[in-house]
Amino acid sequence: MTWQHHRQAAITGVGRTLFSKESGRSVLDLAVEAGLSAIEDSGLDVAEVDGVLTYALNDSVYTQAVATSLGLPSLGFYSNIDGGGNICVSTVLQAAMLVSSGVANNVLVYRAMNGRSGHRLGGTGNVGMFRADGEAQYTMPFGWMSYPQYIAMAARRHMIKYGTTSEDFGRVAVIQRAHAARNERAMMRAPLTLEDHQGSRIIADPLRLFDICLESDGACAVVVSRADRAKDLPNIPVHVLGGVLGGGPANGYGLDGFFMTDDMADCYAADVADQLWSASGVGPRDVDVASIYDCFTYSVLTQLEGFGFVKPGEAAGWIASGGIDLDGDVAVNTNGGMLSEAYIHGLNGVIEMVDQLRGDCGDRQRAGAEVALATGFGVTTGCAVVLAR
Amino acid sequence: MSLRPIPDQDSQQFWDACKAHRLVAQTCRRCERPQFPPGPRCRSCRADEFTWSRLPETATLYSWVVIHHAVIDEFRREAPYVAAMVDVVPGVRMPTKLVGCSDVDSLFAGMQLTVEFVDDPAGFTLHNYRPVAEERSLAG
């Protein structure tokens, strides 16, 4: 699915809760706080919100509950989307499609979770979630059953195909931690060196502890409005230029299966890049800041290659020479990403892109940021939106 | 003990064959392409009639993960262990577990492997793979 937006929709408000390991609050409470915060930031009256979207992996609250809690007088459209990294930022694309088609005027998009203190995505402490049926009947019986274990298989292929090393993965973690040190919201701000990364324990070889994102409690929300309404609101409108949600062939029989893909080293980005740039009317050279979905360090390398920032196999060298630093060719995951800020399933990255385009990022501001990319990763399928002020 | 695979109508014959220590692939009657995992239709030509063809015992290593941090007790006792993807024939690449590889640093893509069925006391059979010993590969 590809869609060209022509600046008909814009992100008008953003909101988030505190990010923590134990919120001590209900997921609904978190969702409502982030939602209200985003609506207040937009300058809209709560009653003007007539659409609500979310995505989850059996770990969140339904949009109806959020709409009810916010006291929305009417609900024009709602959808609870089953998915995680693979579909995350596509919710912004879908909200933009809703407002530009006239189905809704102002759409609230949220992701809320007690991802550390409640339902842990990796399944630690939740034996009952492992059921070897569907696609998992071919993987889980062999003990291959959590996201770090799955993605390590693809990371290994990247190493085999391109000569990528564990140090190459580690540099992503180190750079993002340096960004997080400038972000007061980040859960991990202590300096991280490449030696620290190499000394961290092996979880699923080739992935070490610091190759793997955090687990977090918290919520993020954005409001997407029609562009003609956005121009009368207090914030600088962050327009949606275009977006994509898709992949190549053989995406598996599961929600996010990937073992049927022909070449496991490269990801969905290579399959959808042409669609994305053609829909958006810009190219990778035009992008100033990017939120590249970083469930794992490896994911950042393969997406940067797939979207054409560099050629396949060249991300490691580019990153080592400063390519994704704050003042590099493109500033990547300036909030610290999910490796260091928090794991709110990609939506915290969208908010960081909005803050960058508004110029609100303080001493981690990318000078003159005008065009941003936010992506979501699911190996064979994924999503991306291009945003611009 | 392992985690029991839960077959469905599309996969029952695959798991039944494993129990009889035969590795099979769902193979299209029309275009004769094998596919894994089995599905309701041939993914190449969309035909819905299949045979179950016997696969060779050998395979080559495509990728692998040395799992140090297992997430459930059944596998915690075993860690570290090696999950792998192996190429059996064109069109058939399978997740599996590698056994008999004490030195994980010696694993490499393309390494020759042979299937080894393991009967679980709970009444199912899994298809693990084992590196082919040097002398055996020389002997052909």
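The values are calculated or read from the model by the stated rules, or taken from the named source; none is laboratory data. A quick note: this is a predicted structure, and the numbers were derived from the prediction, not measured. No Cβ is skipped: glycine too gets one built from the backbone with ideal geometry, and neighbour counts run over all protein chains shown.
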Next on the checklist: Condition first: surrounded by fewer than 24 Cβ atoms within 10 Å (Cβ to Cβ) and in contact (Cβ under 8 Å) with a residue 60 or more places away in the chain. Now tell me which residues in the stretch A:242-255 satisfy that.
Outcome noted: A:G246, A:G247, A:G248, A:A250, A:N251, A:G252, A:Y253, A:G254, A:L255
Next on the checklist: Residue under question is A:A367, and the condition is that it be farther than 25 Å from A:H119 by Cα, buried (at least 19 other Cβ atoms within 10 Å of the Cβ) and of a type in the set (A, V, I, L, M); does it hold?
Outcome noted: no
Checklist entry - Which residue pairs have Cβ atoms under 6 Å apart, sit 6 or more places apart or on different chains, and have a first residue in the stretch A:132-148 that is closer than 16 Å to B:C18 by Cβ and facing another protein chain (nearest Cβ under 7 Å) and a second that is among the aliphatic types (A, V, I, L, M) and assigned to a helix (DSSP H, G or I)? => result A:A132/A:M140
Checklist entry - Within the stretch B:69-76, is there a residue that is more than 8 Å from chain A (Cβ to nearest Cβ) and under 11 Å from the mean Cα position of the chain (by Cα)? => result no
Next on the checklist: Checking the conditions here, which among A:G313, A:G281 is surrounded by fewer than 24 Cβ atoms within 10 Å (Cβ to Cβ) and over 30 Å from B:P90 (Cβ atoms)?
Outcome noted: A:G281
Checklist entry - Among the residues of the stretch A:288-301, is there at least one that is out of contact with any Pro (no Cβ under 9 Å at 6 or more places or on another chain) and surrounded by fewer than 24 Cβ atoms within 10 Å (Cβ to Cβ)? => result yes
Checklist entry - Which residue pairs have Cβ atoms under 8 Å apart, sit 6 or more places apart or on different chains, and have a first residue in the stretch A:4-15 that is surrounded by fewer than 24 Cβ atoms within 10 Å (Cβ to Cβ) and a second that is among the acidic types (D, E) and at pLDDT 95 or above? => result A:G15/A:E33; A:G15/A:E40; A:G15/A:D41
Next on the checklist: Can you find a residue that is of a type in the set (F, W, Y) and at pLDDT below 95 anywhere in the stretch A:239-254?
Outcome noted: yes
Next on the checklist: Looking only at residues that are assigned to a helix (DSSP H, G or I) and more than 9 Å from chain A (Cβ to nearest Cβ) in the stretch B:81-106, which one is surrounded by the most Cβ atoms within 10 Å (Cβ to Cβ)?
Outcome noted: B:S106
Checklist entry - Only one residue in A:R182, A:R156, A:R208 is more than 20 Å from A:G122 (Cβ to Cβ) and either crowded, with 18+ Cβ neighbours inside 10 Å or more than 14 Å from every other protein chain (Cβ to nearest Cβ) (or both), so which one is that? => result A:R182
Item to check | Top-ranked residue of the stretch B:1-19 - restricted to ones that are in a loop (DSSP other than H, G, I, E, B) and either touching a residue at least 40 places away in the same chain (Cβ under 8 Å) or hydroxyl-bearing (S, T, Y) (or both), ranked as farthest from the other protein chains (Cβ to nearest Cβ) | outcome: B:M1
